[in-house]
Amino acid sequence: LCAGLAVRHGLPEEEAWKAITIYSATYTGIGERVGSLEVGKDADVVIWNGNPVTDITATVYRTIVDGNVVYCQGDK
């Protein structure tokens with residue numbers, strides 16, 4: 001939500017994505033392990049049904065943690 005508001009007020013979308021991924025990981029001291037998709041890093045991934053930075057109605061479609069799908073929209 002905050003990244004979306006920042007984009008609405010002029011922050012470039014790419015910078016908003018960095019703010020909620022790699023910049024946050026680096027700031028909290030875990031950037032060597034998470035924050036971007038790179039060989040050797042933990043790859044926890046959220047797949048959305050839209051762009052959550054520009055569309056507040058976008059919802060999580062799938063979540064993958066340690067290579068395992070832990071959530072899939074529509075599964076019970």
### Message
Just to be sure before I move on: is Thr63 of a type in the set (S, T, N, Q), modelled with pLDDT of 95 or more and surrounded by 15 or more Cβ atoms within 10 Å (Cβ to Cβ) in the structure I sent?
### Response
yes
### Task
Return the residue satisfying two criteria in turn: it lies in the range 17-76 and is assigned to a loop (DSSP other than H, G, I, E, B) and hydroxyl-bearing (Ser, Thr, Tyr), and of such residues it is nearest to Leu5 (Cα to Cα).
Thr54
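For every residue, the table says whether it meets (1) in contact with an Asp or Glu (Cβ under 9 Å, 6 or more places away or on another chain); (2) among the β-branched types (Val, Ile, Thr); (3) modelled with pLDDT of 95 or more.
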position: Gly4; (1), (2), (3): yes, no, no
position: Pro12; (1), (2), (3): no, no, yes
position: Ala25; (1), (2), (3): yes, no, yes
position: Gly31; (1), (2), (3): no, no, yes
position: Val39; (1), (2), (3): no, yes, no
position: Val53; (1), (2), (3): yes, yes, no
### Query
So, in the range 17-50, of the ones that are among the polar types (S, T, N, Q) and out of contact with any helix residue (DSSP H, G or I) (no Cβ under 8 Å at 6 or more places or on another chain), which residue ends up nearest to Tyr71 (Cα to Cα)?
Asn49
### Task
Residue by residue through the range 31-60, note down the ones that are surrounded by 13 or more Cβ atoms within 10 Å (Cβ to Cβ), among the aliphatic types (A, V, I, L, M) and free of Cβ contacts under 8 Å to residues at least 12 places away in the same chain.
Val34, Ala58
### Members of the range 1-16 that are in a loop (DSSP other than H, G, I, E, B) and over 21 Å from Thr63 (Cβ atoms)
His9, Gly10, Leu11, Pro12
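The values are calculated or read from the model by the stated rules, or taken from the named source; none is laboratory data. Note that this is a predicted model, so its numbers are computed, not measured. All Cβ positions, even for glycine, are placed from backbone atoms using ideal geometry, and neighbour counts span all protein chains on display.
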